[in-house]
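Here's the structure we're looking at; comments come further down.
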Amino acid sequence: MDKSIRILGIAGSLRRKSYNRAALRAAQKLSPDDAELEIFELDGIPVFSEDDERTPPAKVVELKKRIREADAVLFVTPEYNYSIPGGLKNAIDWASRPYGDSAWTGKPAAIMGASVGRFGTARAQYHLRQVFVFLNILPVNQPEVMIGNAAEHFDGDGNLTNEETKKLIRQLRANLVNWTHGLQKANEAPKSEA
């Protein structure tokens, strides 16, 4: 039997009552039996500066440690001005520096997001995938979980109420676990000599 997968959940929104934080908490509750999801809060991470990359603040050191300890990462991002929020991009940049010491390299990942707009977070998710290319983050592709008109999917306490959305999140989480197991097995397989 495959070992339990440790997933690090990161919400791109810093707002305490954001739909993306609520979606991340829902994903935590909908976790498959062979996975656990721990949440890392991005608040308190200062703006990235190369001047400080060799002596990063404690919050950044903790972020990189948690990324490295996790088997996979689940990003839950809002969409700001057709892209990912600055706080999320800032955290991604910190964890990738200094050059040659990226915590992201080869990390399996999944993306989902919620927005009050009808298109969900499609553009932000595609921009995040572009960032993944350079960082060599290995995302699952489907299902795409883009929660549009988010107010219709959550109650006043931030609980996810939409059953179709719950089903998509469960499938995304299951696909992330399977993808992670597959990558782990591929990395453990003996390399044949050419």
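The values are calculated or read from the model by the stated rules, or taken from the named source; none is laboratory data. These figures come from a predicted structure and were not determined experimentally. Neighbour counts run over all protein chains shown; Cβ positions are idealised from the backbone, glycine included. In case anyone asks, the SASA skips ligands and DNA or RNA and just uses the protein heavy atoms, side chains included. Shrake-Rupley method; radii C 1.70, N 1.55, O 1.52, S 1.80 Å.
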Looking at region 75-91, is at least one residue at positive phi and open to solvent by 20 Å² or more (accessible area, probe 1.4 Å)? yes
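Test residue 131 against the criterion of being open to solvent by less than 60 Å² (accessible area, probe 1.4 Å), of a type outside the set (D, E, K, R) and touching a strand residue (DSSP E or B) at 6+ places or on another chain (Cβ under 6 Å), and give yes or no.
Numbers: open to solvent by less than 60 Å² (accessible area, probe 1.4 Å): yes; of a type outside the set (D, E, K, R): yes; touching a strand residue (DSSP E or B) at 6+ places or on another chain (Cβ under 6 Å): no.
So residue 131 fails the test.
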Flagged pairs (Cβ under 9 angstrom, 6 or more apart or on separate chains; first in region 160-189, farther than 18 Å from residue 141 by Cβ; second open to solvent by 60 Å² or more (accessible area, probe 1.4 Å) and basic (Lys, Arg)) are 160/25; 160/29; 184/3
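Criterion first (at pLDDT 95 or above and open to solvent by less than 40 Å² (accessible area, probe 1.4 Å)) does residue 138 satisfy it? Before the answer, list the steps.
Working: at pLDDT 95 or above: yes; open to solvent by less than 40 Å² (accessible area, probe 1.4 Å): no.
No; evaluated as a whole, the condition is false for this residue.
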Listed by first then second residue, the pairs whose first member lies in region 80-96 and is at pLDDT below 95, whose partner is among the charged types (D, E, K, R), with beta carbons under 7 Å and at least 6 positions apart or on separate chains, are 82/123
Every listed condition ((1) open to solvent by less than 50 Å² (accessible area, probe 1.4 Å); (2) more than 22 Å from residue 181 (Cβ to Cβ)) holds for residue 104 save (2)
Taking region 32-69 and keeping residues within 14 Å of the chain's Cα centre (by Cα) and closer than 29 Å to residue 150 by Cβ leaves 36, 37, 38, 39, 40, 41, 42, 63, 66, 67
Consider residue 71 carefully, then state whether it is without any contact (Cβ under 8 Å) to a residue 60 or more places away in the chain and either in contact with an Asp or Glu (Cβ under 7 Å, 6 or more places away or on another chain) or open to solvent by 10 Å² or more (accessible area, probe 1.4 Å) (or both). no
**Message:** Is it the case, given these coordinates, that residue 122 is closer than 30 Å to residue 47 by Cβ and buried (at least 17 other Cβ atoms within 10 Å of the Cβ)?
**Reply:** no
Among the residues of region 21-46, the number that are touching a helix residue (DSSP H, G or I) at 6+ places or on another chain (Cβ under 7 Å), free of Cβ contacts under 8 Å to residues at least 60 places away in the same chain and open to solvent by 40 Å² or more (accessible area, probe 1.4 Å) is 2
Checking 18, 49 in turn, the sole residue that is hydroxyl-bearing (Ser, Thr, Tyr), open to solvent by less than 20 Å² (accessible area, probe 1.4 Å) and more than 29 Å from residue 186 (Cβ to Cβ) turns out to be 18
